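Beneath this line is the structure, given in structure tokens, with notes to follow.
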Amino acid sequence: MTDYIEEYLANSLYHSHIMEETNISLFSLVTEDGVPIRKLFISNLAERTSFKDLIKLFSKYGNVESCFLRRNQGNSNYAFITFNSVEAAASARYDEGIRLHNRDLRVLAADSWHQPDSIENQCYNIKDKSKSNKLSNDIVYNFDYIQDDITDTNIQTLNDDCLIHIFLQLPIIDRIRIERVCKRWKALSQESWSSVKRLDLSMWGLSGLNRREISTCTIRKVLLRCGSYLNEINLSIVPYPLRQSTATIVAKLCPNLQRIDITGIVVSASGINSLINNCHDITKFSLGSTTYICDIDLQKLFKVNPKLRYFKAYSSKISGRCLLYLPLETMEEIVLEYCTCLQEHLLAQAFAKLQNLKSLTMNRCIDISGNVIQAIGTNCTNLKTLEVSCISFLLQSNDMLHIAQLTNLEVLKISMNALVTDEFFSNLASKCLRLKYLDIAECLLVTDISIAAVAALPKLEVLIINYLGLVTDINLQDTCNLKQLECRACKFTDKTMINFLEYAPQLELLDLSGCRDITNETLKEAATVTVNRTNNTILKIFVGGTSVDLSTFDKVSPFLQIVNIDLSNREL
């Protein structure tokens, strides 16, 4: 049954695929949905204009098939003109000087639904099928076949609930296309959008869309159908640049959003103002690149969203003043990445107020000074997660000592930080006893003394010490809870690893990529210690870029998995 339905859908959508193939050469003759344009929408009409006047005026471009005039009392009148050929309609569209009764007429292509050659009209106006023969010889559609399928096949016997369930399994682009199959499918397809609560653009590549199809116009089509039902939208990964108006469209069509990620698009002032006016239930907000310093507008946005608990600024132009107006009671997590306009005094003031903060990330930000770190260490005592990676050199070594005051820390990431010293780790190990995750990769001043201090952390489960040139030995005999160790491109020998493996019964991942002095001896020890494991924990070891020769290694353990991939290559 599933194969039959897929075949039927493919046949029903044959028209749209044919139009996509010809869309490049006939771009001016078809709508965005691939329907030939013969009907035009005419506006800015004078009160005295009649349909006879319109027929007389537009007959000079070709034979007029029909004319519909709508009079709106108190509003501008409008009309629909239908030509008998695509070429005649195109001639009228591209004549910019059409005037009637002292009015400059606005001439636009009618949307796909109104076009006489759309699948809907072909199916429900059989008596007019002869007119379809007047289309360009380059575009041929088998409407009889489609009509026969709709009336004679078993899929039409399915009830509405079944069809809606089928439609929900289709890629996004096909859910839009099936609206052109028949009026029933159009109604059911539109009804099916009510169950969509989350829209993730990063998944569209798996949903039948290609780069050309992902545009602001496409997003608008989707949001017109499901925007009012959405509570989450993710535009963090955009394979093709979108217009600045995308954020404005999202805000206007999705008033019930609670989680918004627009880090993949450029946002203008109108986009943020639209969010201010329409979205008042935001709990999680991620902002990307902006066209201006937007602190004042963000301040207004935070004011109308008192439940906000997560804020991320990725490459955003903010000075930090907006952080002063985050809701103090609900705010739990802040992420600042690639923000180059931050001012240290504003950051220090903000962190002095955000005492309920539980997670803070500052990655590759400029103007992070000792005052900022001190404000964090003194006031944000409830922090459980802190990342201060690849920061500027405004800091001094002693400034980092303030982090040790955060005794509730469970996750600490300070990679690519040249200011952490042995003294820092000594303080950290004596005060932050709840640490479970520690990332000190590429901290150039870390030595064996620092690693020995880290070994005193009783709850440590993950330790990342990649690219530490001064570390030659690790003594982690007391860290029996360690589950993951990454030490890419370190100067460790087999002796060091063998001693470590004897005291790591919980170890699940060991990354030795690029450790040139590691040989098969380490793998033999790993096989020996894991074969007797009673906790059924599998140990995965990465040995790419080492001196291991797997062709000569024959020792087997059911709880040992060896991966010959070099993760130390930073270009991968």
Scan the stretch 456-473 residue by residue and report those that are open to solvent by less than 10 Å² (accessible area, probe 1.4 Å), touching a helix residue (DSSP H, G or I) at 6+ places or on another chain (Cβ under 8 Å) and not in a strand (DSSP E or B). Leu457, Leu460, Ile465, Val471
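Quick test for you: out of Leu523, Leu567, Leu507, Leu485, pick the one residue that is within 24 Å of Ile451 (Cα to Cα), in a loop (DSSP other than H, G, I, E, B) and open to solvent by less than 40 Å² (accessible area, probe 1.4 Å).
Working: Leu523 fails: in a loop (DSSP other than H, G, I, E, B); Leu567 fails: open to solvent by less than 40 Å² (accessible area, probe 1.4 Å); Leu485 fails: in a loop (DSSP other than H, G, I, E, B).
Within the list Leu523, Leu567, Leu507, Leu485, the selection yields Leu507.
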Output for the stretch 308-348, where each listed residue is of a type in the set (Val, Ile, Thr), more than 22 Å from the chain's Cα centre (by Cα) and under 21 Å from Ser268 (Cβ atoms): Thr340
If Thr49 satisfies all but one of (1) part of a loop (DSSP other than H, G, I, E, B); (2) in contact with a strand residue (DSSP E or B) (Cβ under 9 Å, 6 or more places away or on another chain); (3) in contact (Cβ under 8 Å) with a residue 60 or more places away in the chain, what's the number of the condition it fails? (3)
Just give me the residues in the stretch 336-371 being β-branched (Val, Ile, Thr) and more than 19 Å from Asn408 (Cα to Cα), in sequence order. Thr340, Ile366, Ile368
Cβ pairs under 9 Å, 6+ apart, first in the stretch 54-68 and in a helix (DSSP H, G or I), second open to solvent by less than 50 Å² (accessible area, probe 1.4 Å) and among the aromatic types (Phe, Trp, Tyr): Phe58/Phe83; Tyr61/Phe83
For residues in the stretch 296-337 being open to solvent by less than 10 Å² (accessible area, probe 1.4 Å) and assigned to a helix (DSSP H, G or I), which is nearest to Asn382 (Cα to Cα)? Leu323
Conditions first: (1) among the basic types (Lys, Arg); (2) crowded, with 20+ Cβ neighbours inside 10 Å; (3) at pLDDT 85 or above. Arg177 passes all but one, so which condition is the exception? (3)
Output for the stretch 260-285, where each listed residue is of a type outside the set (Ser, Thr, Tyr) and open to solvent by less than 10 Å² (accessible area, probe 1.4 Å): Ile260, Ile262, Ile265, Val267, Gly271, Ile272, Leu275, Cys279, Ile282, Phe285
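Hand me the list of helices (runs of 4 or more DSSP H) wholly inside the stretch 180-282 holding 1 or more residues that are closer than 21 Å to Arg309 by Cβ and at pLDDT 85 or above.
Numbers: elements: 183-192, 216-226, 246-253, 269-278.
Because the criterion is at least 1 residues that are closer than 21 Å to Arg309 by Cβ and at pLDDT 85 or above, the helices (runs of 4 or more DSSP H) in the stretch 180-282 that meet it are 246-253, 269-278.
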Right, Asp160: open to solvent by 10 Å² or more (accessible area, probe 1.4 Å), over 18 Å from Cys217 (Cα atoms) and free of Cβ contacts under 8 Å to residues at least 40 places away in the same chain or not? yes
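Checking the condition surrounded by 16 or more Cβ atoms within 10 Å (Cβ to Cβ), in a loop (DSSP other than H, G, I, E, B) and either in contact with a helix residue (DSSP H, G or I) (Cβ under 9 Å, 6 or more places away or on another chain) or of a type in the set (A, V, I, L, M) (or both), which residue from Val529, Val556, Val548 passes?
On the way: Val529 fails: in a loop (DSSP other than H, G, I, E, B); Val556 fails: surrounded by 16 or more Cβ atoms within 10 Å (Cβ to Cβ).
It is Val548.
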Considering each of Asn305, Asn273, Asn277 in turn, give the residue that is more than 21 Å from the chain's Cα centre (by Cα), over 20 Å from Leu323 (Cβ atoms) and not aliphatic (A, V, I, L, M). Asn277
How many residues does the stretch 344-353 hold that are crowded, with 17+ Cβ neighbours inside 10 Å and touching a Ser or Thr at 6+ places or on another chain (Cβ under 9 Å)? 5
List every residue pair whose Cβ atoms sit under 7 Å apart, with the two residues 6 or more apart in sequence or on different chains, where the first one lies in the stretch 91-108 and is in contact (Cβ under 8 Å) with a residue 60 or more places away in the chain and more than 11 Å from Phe58 (Cβ to Cβ) and the second, anywhere, is small (Gly, Ala, Ser) and surrounded by fewer than 17 Cβ atoms within 10 Å (Cβ to Cβ). Arg106/Ser43
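The values are calculated or read from the model by the stated rules, or taken from the named source; none is laboratory data. Here the structure is a predicted model, which is why all the values come from computation and not from measurement. Please note: Cβ atoms are built from the backbone with ideal geometry, for glycine as well, and neighbour counts cover all protein chains shown. Please note that ligands, DNA and RNA were not included when accessible areas were found on the heavy atoms of the full protein model with its side chains. Shrake-Rupley method; radii C 1.70, N 1.55, O 1.52, S 1.80 Å.
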